[in-house]
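Asker: The following block contains the structure, expressed as structure tokens.
The values are calculated or read from the model by the stated rules, or taken from the named source; none is laboratory data. These numbers come from a predicted model, not from an experiment. Note that each Cβ is placed from the backbone with ideal geometry, even for glycine, and that neighbours are counted across all protein chains shown.
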Amino acid sequence: MEYRLLPLFNWMDLLLGAVVLYGVYVLLYLLRDRLGKTKRPEGFRARAFNVLAAALLLYEPTAALVLIVIFVFINPGVHGLVTLLIVAAGFSRLRDYLSGRIVLFTPLISVGKRMKTERYTGVISRINRIGLYLQTGEGLHFVNYTSLLTQGYSLITGKDIGGYYQLVLTPPEDREDPLEELADRLTTTPYLDRSFRPELAYAEYGQDRIHARLSVREEKHLTELLALLQEWGYPATIAQR
């Protein structure tokens, strides 16, 4: 007796599934982005941001897998073969992508953190789905996530390999929106490394302190930046390097 796989879904099921899954993804992404802009270094919003970021890391491949299953069972024979060919052709990139879900699952790795790999030591300047970019004294280097898992890496602090700092600022009392004003002023500051977007947030309790995460172009620019902040009325101290 001949056995034949029968279609379980149709193209309308695939379209509907894609719309629903993408809609949920957009909502989660917008919520995470909103929390990222308003979260403080600690507290409920920071914890909610970390949970949502981890959930998105799992949701993305899960949604893709659901759509692939629907696609395959529209026409199991042909679509199954097509899927196998695509997976085989892009296996290295797929492996990097899945490795990235593992590496990025904890919030330890983020832009601005110092990282040491087997070949490079530098500051993380960009993160994408298959790897990240390290800014070193020799330039910008791409490192894929598979290499990070197989060769290992470490996050380091206190070494003179970059100009990334966390500052605590005291805003002036007579400003209507000191956080927005400070963000606008920093966009024209010549001392900052434009590879990193400054992150500003009020302290956990009240608005009498502003936490800033930023990177200066050179170590010697830090003194000039602190003097400039003092001139603007935002005296600052270094919280962490």
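Asker: Being β-branched (V, I, T) and within 24 Å of the chain's Cα centre (by Cα) is the filter here, so list the residues in the range 13-38 that pass it.
Answerer: V24, V26, T38
Asker: Check L229, L214, L182, L222 and return the single one that is closer than 25 Å to Q135 by Cβ, modelled with pLDDT under 85 and assigned to a helix (DSSP H, G or I).
Answerer: L222
Asker: Look through R101, R95, R126, R119 and report the one residue that is of a type outside the set (F, W, Y) and in a strand (DSSP E or B).
Answerer: After ruling out the rest, the residue left standing is R126.
Asker: Go through (1) crowded, with 17+ Cβ neighbours inside 10 Å; (2) within 30 Å of L94 (Cβ to Cβ); (3) modelled with pLDDT of 80 or more one by one and return the number of the condition Q135 breaks.
Answerer: (3)
Asker: Taking L192 as meeting all but one of (1) modelled with pLDDT of 85 or more; (2) under 15 Å from L228 (Cβ atoms); (3) surrounded by 11 or more Cβ atoms within 10 Å (Cβ to Cβ), write down the number of the exception.
Answerer: In the conditions (1) modelled with pLDDT of 85 or more; (2) under 15 Å from L228 (Cβ atoms); (3) surrounded by 11 or more Cβ atoms within 10 Å (Cβ to Cβ), L192 misses (1) alone.
Asker: Right, another one. Quick one: is D96 in contact with a strand residue (DSSP E or B) (Cβ under 6 Å, 6 or more places away or on another chain) and either surrounded by 14 or more Cβ atoms within 10 Å (Cβ to Cβ) or at pLDDT below 95 (or both)?
Answerer: Spelling it out, D96 is indeed in contact with a strand residue (DSSP E or B) (Cβ under 6 Å, 6 or more places away or on another chain) and either surrounded by 14 or more Cβ atoms within 10 Å (Cβ to Cβ) or at pLDDT below 95 (or both).
Asker: Filter the range 13-65 for residues that are among the basic types (K, R), over 18 Å from R101 (Cα atoms) and assigned to a helix (DSSP H, G or I); which is modelled with the lowest pLDDT?
Answerer: Restricting to residues being among the basic types (K, R), over 18 Å from R101 (Cα atoms) and assigned to a helix (DSSP H, G or I), the top hit is K37.
Asker: Of the conditions (1) buried (at least 20 other Cβ atoms within 10 Å of the Cβ); (2) of a type outside the set (K, R); (3) over 15 Å from the mean Cα position of the chain (by Cα), V123 fails just one. Which one is it?
Answerer: (3)
Asker: I would also like to ask the following. Looking at (1) assigned to a helix (DSSP H, G or I); (2) in contact with a Phe, Trp or Tyr (Cβ under 9 Å, 6 or more places away or on another chain); (3) surrounded by 16 or more Cβ atoms within 10 Å (Cβ to Cβ), which is the only condition G80 fails?
Answerer: Result: G80 passes all but (3).
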